[in-house]
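The values are calculated or read from the model by the stated rules, or taken from the named source; none is laboratory data. These numbers come from a predicted model, not from an experiment. With ideal geometry, Cβ positions are generated from the backbone for all residues, glycine too; neighbour counts draw on all protein chains shown.
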Amino acid sequence: MAENVYFYCGNDEYLVGLNARKKVDEICPEAEQALSLEIIDGSAAKIDDAVAAIDQCIAAFRTVGLFGGKKVVWFRDVAFLQNAVIMKNDQVKRLLGELGGDLKAGLAPDQFLVLSAPGIDKRSAFYKALKGAVEIEEYDIPERDYEARPVALKRAISLFKREGFSIETAASDAFIDRTGFETRQIMNEVEKMVLFKGGDKNITLSDVQLITSASGEAAAWDFTDAVAELRLGDAIRIFRQLLFQKQTAVGLIIQLENLYYQLLRFREYMEMGWLRMNGNRIQWANDPEMDGYFETMPDDPRQMHWFRASKIANQAAPYSVTRLAASKKLVVDTHEQMLSGGTIPHELLFETLLAKLCAPKKPRRAA
C-alpha cells in the first residue's frame, strides 16, 4: 500500500471533510501550512474544469516543497469522481491514469497527498487503482431510511451524552425526524439545544418541538403529516414554505402519492389482521401467509423504523380503505392534470387538492 496517500469519501460530507482536515492538520500543523500545504479545489462540474484540477494536482505533488521541505497536497471535494459523463472523458481518464500510476509507484517520504470526495464510481479504473494501493476511509449514510435512522439516532444520543445531557426516547425520535440523517445538521442542532438548555441536563419532547429546526426533509414530513391528519391550515402553510425553499408542486405531489400508498397499504394490513395497534405502537401478526407476501416485496414494511411505521398506522386507522383509495385517486388525477400542460397554475391545483383531501368526513344522513 502506498504510503503518504489518504483518500476520504462518502455522502456524509461533514465527516468526510472533518476527517480529511484532521489528517491534513496531523501531517502539516497549522504553523507550517503557509509554506507546505497546497489545497486544490476539485468541485468541478465541467470536463474542462476537471481536467484542469487533475493536472494541477499531479503538478503539485510532483513539485518539491519550498526550500526542499515537506509538501502536502489536499485535493479537496473531488465531486466529479462520481460524475459518469466526466469520468468517461478520454482526457480525464488519461490524467487519472497518470495520477493512479504515480500513487502506485509511491511518493517521496516528505510528500503527502490527501484526497476527499463526496463519492466515487467504484466501477471506474481510478477507483480500482486506488483500492489496495492507498488508505481509503468511507463515510456513507445508508440509502434506506430504516438503515440510516438508527445510525443517526445513535450519533445524536452520543453527542448529547458527550455534552453531559440525557434525552428522552420520544424526544430523540422527534429530534431525528426534524434534523434528518445528515451529520452536520445533527451536530448543529445538538449544539443549539445544549446552549438553550444550559444547566438543565434533561431534554424533553417539548424542548425538541420548541428549539430544533426542521430540515427540508423534515419539513416535507411535517407537510405529509398535516395532510394525513386533515390539518388544512398547517398543510397549506407548510406547502407555501416548501415552495419558498425552491421545492416544486410536482415534486411535492409525488410525496403525497407515496403518503397515500403507505396509508392505504397499512389500512389494508389492519383489515387483514396482519397489523394491530398496541397503544401507540404497532404489532405485526405471526402469520405464514403474511411472511410469504412480505418476503416478495422490495420494501418489507416490517423493516421500517417502528416510530415511522407506528405513525403511518395511527394516521391510517381512522379511515376506511374506500376513502384512502379515493384520496389516492384524487392525488394521481391532479398530478396528471399538472403534467398535461394546462393553463391552471400548479400551485392553485395543489391547494385545491389539499382542500379536498383535508375536508372532514361528511356525516351520514338519517334514513
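What about residue 155, is it surrounded by 16 or more Cβ atoms within 10 Å (Cβ to Cβ) and basic (Lys, Arg)?
In short, yes.
Given the condition surrounded by fewer than 19 Cβ atoms within 10 Å (Cβ to Cβ) and either modelled with pLDDT of 90 or more or of a type in the set (Val, Ile, Thr) (or both), answer yes or no: does some residue in the range 218-229 qualify?
Checked against the condition, which is being surrounded by fewer than 19 Cβ atoms within 10 Å (Cβ to Cβ) and either modelled with pLDDT of 90 or more or of a type in the set (Val, Ile, Thr) (or both), the range 218-229 yields at least one hit.
What tally of residues in the range 68-85 results from selecting those that are buried (at least 21 other Cβ atoms within 10 Å of the Cβ), within 19 Å of residue 11 (Cα to Cα) and aliphatic (A, V, I, L, M)?
2
Restricting the range 283-303 to residues that are touching a residue at least 12 places away in the same chain (Cβ under 8 Å) and over 26 Å from the mean Cα position of the chain (by Cα), which is farthest from residue 269 (Cα to Cα)?
Going through the qualifying residues, I end up with 287.
How many residues, within the range 324-361, are over 18 Å from residue 232 (Cβ atoms) and not in a helix (DSSP H, G or I)?
Summing the residues that are over 18 Å from residue 232 (Cβ atoms) and not in a helix (DSSP H, G or I) in the range 324-361 gives 6.
Is it the case, given these coordinates, that residue 115 is in a strand (DSSP E or B) and not hydroxyl-bearing (Ser, Thr, Tyr)?
Against the criterion (in a strand (DSSP E or B) and not hydroxyl-bearing (Ser, Thr, Tyr)), residue 115 qualifies.
So for the range 109-122 (the condition being farther than 18 Å from residue 62 by Cα and among the aromatic types (Phe, Trp, Tyr)), does at least one residue qualify?
no
Among the residues that make up the range 175-187, is at least one of them in contact with a strand residue (DSSP E or B) (Cβ under 8 Å, 6 or more places away or on another chain) and surrounded by fewer than 20 Cβ atoms within 10 Å (Cβ to Cβ)? Spell out the reasoning first.
First, the residues of the range 175-187 that are in contact with a strand residue (DSSP E or B) (Cβ under 8 Å, 6 or more places away or on another chain): 175.
Applying the additional criterion that residues be surrounded by fewer than 20 Cβ atoms within 10 Å (Cβ to Cβ) yields none.
So far as the range 175-187 goes, no, none of its residues is in contact with a strand residue (DSSP E or B) (Cβ under 8 Å, 6 or more places away or on another chain) and surrounded by fewer than 20 Cβ atoms within 10 Å (Cβ to Cβ).
Out of 138, 147, which single residue is surrounded by fewer than 14 Cβ atoms within 10 Å (Cβ to Cβ) and closer than 30 Å to residue 191 by Cβ? Reasoning before the result, please.
Details: 138 fails: surrounded by fewer than 14 Cβ atoms within 10 Å (Cβ to Cβ).
Exactly one of 138, 147 is surrounded by fewer than 14 Cβ atoms within 10 Å (Cβ to Cβ) and closer than 30 Å to residue 191 by Cβ, namely 147.
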